[in-house]
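In what follows, a single structure is set out as structure tokens and then discussed.
The values are calculated or read from the model by the stated rules, or taken from the named source; none is laboratory data. Keep in mind that this is a model prediction, so the values were computed, not measured. With ideal geometry, Cβ positions are generated from the backbone for all residues, glycine too; neighbour counts draw on all protein chains shown. Areas reflect the complete protein model, heavy atoms only, side chains present, ligands, DNA and RNA absent. Shrake-Rupley method; radii C 1.70, N 1.55, O 1.52, S 1.80 Å.
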Amino acid sequence: MNFNDLNVALSSVSLYKGVLKEKVFTSLLTLLRLPNGTADYLKAEAYADFVSALYEEGCDLGEYIENALKCDDNVYVRSFAAGKEIPVVMQEAFFGELESFSAITEISSDDLLSALGLSSDFPKFKNTKKNFSEIIPETLKNSSKLGYGVYAKYGMFRIEDAGRLTPILSPDNIRLSSLVGYENERRQVLENTKGLLLGKPAANVLLCGDAGTGKSSTVKAVANELKDEGIRLIEVRKDQLCFLPTVMGEIADNPLKFIIFVDDLSFSPDDDGFGTLKAILEGSAAAKTSNAVIYATSNRRHIVKETFSAREGDEIHRRDTIEETISLSARFGLSILFAKPDKQLYLKIVRTLAEENGIEVNSELDIKAEAFALSKGGRSARTAGQFINNILTVAE
């Protein structure tokens with residue numbers, strides 16, 4: 001392996017330049033570019049810096065490079081995913097760079113140490129040989145499920161400064177199999193989301209009803225269930241609704257499908273976000289994208305807070321005010337009610353959670369669960385979970 005040729009090839013990388021800015025590559029390039037005559041202790045230090053950075057990423061250089069290439073967001077992958085025509089010169093550059101990265105996976109620890117004139121007793125690293133000219137194009141063909149760039153690595157996102165999307169590094173990994181009750185309600189959300197994946201006209205969904213009934217958990221569980229099929233979730237706070245057109249524009253050409261998730265939604269009639277969300281739900285050309293749906297949860301069926309003072313005035317004004325307050329919820333294509341559980345459902349949830357946590361199920365458990373719900377102001381799925389957690393805490 002001619003390290004000088006490899007150095008030159010990596011220096012000419014244009015499409016995957018972002019990959020070279022990662023710590024593993026910056027330390028590797030520093031090592032490859034050490035001038036002749038460099039003192040052994042400086043070579044040893046540079047080698048140790050590279051191995052240390054690689055150890056942080058899992059110890060296998062080939063696997064690391066594969067993951068980095070799959071998660072890179074550059075003009076070639078964006079154009080390919082959007083179905084745009086790619087110039088021949090860019091295609092040639094793309095495959096040329098993949099060959100250079102493939103060549104790196106042929107380097108062993110001993111090769112590198114020998115070229116540096118260092119002892120073979122130094123720390124070693126793994127390097128699985130890869131042919132990225134085959135792997136990466138195949139990955140791009142499946143970008144509608146696997147994603148590209150940051151969307152290939154993460155399943156849930158939030159909005160930061162000025163509408164910028166950032167991944168949620170520790171997402172809620174709840175699954176549908178861990179939720180008890182409300183099967184029909186969850187089935188509707190799941191089927192609607194599967195319709196989105198199939199390119200059908202999926203509805204925007206309002207999940208309304210009592211607090212603690214699992215509305216938010218349902219949305220996140222569905223997103224987790226369908227992540228490998230191409231679903232990603234973007235959390236949006238009510239005060240960030242003004243950024244929705246920006247977000248929609250960013251994801252419009254992405255082959256993945258997106259759930260825009262607005263949790264615990266409620267408005268005063270004069271809230272700034274009211275008009276923005278209403279325009280998107282109406283399908284405004286400036287705001288809508290076909291690969292995304294809005295899923296919102298609310299403890300209010302009509303979302304907008306209404307006061308008696310808003311009903312004052314003549315009959316025409318009163319009617320206009322009422323129609324305006326319910327117009328937003330009416331624009332969701334699908335409204336699903338999560339009602340407070342009755343005693344039977346509440347105890348079913350308690351018993352299921354108890355069995356999952358190795359707690360004996362008997363009549364005494366039911367009595368205690370009912371008493372706990374009373375102390376909490378009523379039955380709910382959340383209350384059932386809190387009851388079981390309380391038992392587990394006391395047991396410790």
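Once segment 243-281 is narrowed to residues that are open to solvent by 20 Å² or more (accessible area, probe 1.4 Å) and touching a helix residue (DSSP H, G or I) at 6+ places or on another chain (Cβ under 6 Å), the residue that is modelled with the highest pLDDT is Lys257.
In this structure, is Val88 under 26 Å from Asp253 (Cα atoms), out of contact with any Lys or Arg (no Cβ under 9 Å at 6 or more places or on another chain) and exposed (fewer than 12 other Cβ atoms within 10 Å of the Cβ)? Taking the combined requirement at face value, the residue satisfies it.
Residues checked against (1) within 24 Å of Val51 (Cβ to Cβ); (2) of a type outside the set (S, T, N, Q):
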site	(1), (2)
Phe95	no, yes
Phe101	yes, yes
Ser108	yes, no
Gly155	no, yes
Pro171	no, yes
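Flag: Gly18 does not match the condition of being at positive phi and either assigned to a loop (DSSP other than H, G, I, E, B) or surrounded by fewer than 18 Cβ atoms within 10 Å (Cβ to Cβ) (or both).
Residues that are touching a residue at least 24 places away in the same chain (Cβ under 8 Å), among the aliphatic types (A, V, I, L, M) and assigned to a helix (DSSP H, G or I) are absent from segment 33-42 altogether. Only one entry of Thr30, Thr26 meets the criterion of being open to solvent by 20 Å² or more (accessible area, probe 1.4 Å), over 22 Å from Thr139 (Cα atoms) and either over 31 Å from the mean Cα position of the chain (by Cα) or at pLDDT below 95 (or both), and that entry is Thr30.
For Lys340, state whether it is open to solvent by 80 Å² or more (accessible area, probe 1.4 Å), in contact with a helix residue (DSSP H, G or I) (Cβ under 6 Å, 6 or more places away or on another chain) and either closer than 18 Å to Ala211 by Cα or modelled with pLDDT of 60 or more (or both). The answer is no for Lys340. Within segment 120-153, the residues that satisfy the criterion of being charged (D, E, K, R), outside any helix (DSSP H, G or I) and more than 26 Å from the chain's Cα centre (by Cα) are Asp121, Lys124, Lys126, Lys129, Lys130. Counting the residues of segment 41-59 that are buried (at least 19 other Cβ atoms within 10 Å of the Cβ) and in contact with a Phe, Trp or Tyr (Cβ under 7 Å, 6 or more places away or on another chain) gives 3.
The residues of segment 155-185 that are in a helix (DSSP H, G or I) and either under 23 Å from Ala354 (Cα atoms) or open to solvent by 30 Å² or more (accessible area, probe 1.4 Å) (or both), listed by number, are Asp161, Ala162, Leu176, Ser177, Ser178, Glu183, Asn184, Glu185.
Say we look at segment 372-396 and pick out the residues that are within 24 Å of Gly209 (Cβ to Cβ) and free of Cβ contacts under 8 Å to residues at least 12 places away in the same chain; which of these is surrounded by the most Cβ atoms within 10 Å (Cβ to Cβ)? The extreme case among them is Lys376.
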